[in-house]
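Read the structure below first, then the notes.
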Amino acid sequence: MPEAATEKSHELRGLLLPVSDANLLLPNATVVEVLSYPDVTRADAGSPDWYLGKFIWRHLTLPLISWGHLSGQAEVIKTSERKRVAVCHLPGAGDATLFVGLETSGMPRLIPLTQKGMQAQADSADAECCIQGELKIEDTLACIPDLNELGHKIAGLDQHR
């Protein structure tokens, strides 16, 4: 079998989601829908800065998260016409199915993932910021979010109310 055909069979695809000054690398199945910026009920004054509030999606009330604030990047998405929300499916805390909105600075794009085209960045994990690690994919640095930890942080918001 030709080398190109073998490499294609080992290729996965992920979604590169632009957030603040970073890119999140997510599995395709995680992003359910990308929306124009919705009407948001702002978070209480005592909420963490990464929790922006709640919005309605398909008759569900979802939390809206700023990845830039969660990961310690103070950069806020300023241009309202570029702001969007990616509705993502997260592993729930317990048996709950959890959907969350992630504020984005653009549209996600499919990206091919091959072992040859990726390079792990050493010591890039940060559990507090929900980061499992970082990869360099061709010329793009991508953050791999810890979706389980993000789900636990969001579940913790409801427990403190």
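For Thr114 and Ser36, FRET efficiency with R0 = 30 Å and r from the beta-carbon atoms, rounded to 0.05?
Between Ser36 and Thr114 the formula returns 0.35.
Of Lys116/Lys153; Lys54/Lys136; Lys54/Lys153, which sit over 26 Å apart, Cα to Cα?
Correct reply: Lys116/Lys153; Lys54/Lys136.
FYI, it's all coordinate maths here, none of it is from the lab. As the structure is a prediction and not an experimental result, all values here were calculated from the model. As a convention, Cβ positions derive from the backbone with ideal geometry for all residues, glycine included, and neighbour counts pool all protein chains shown.
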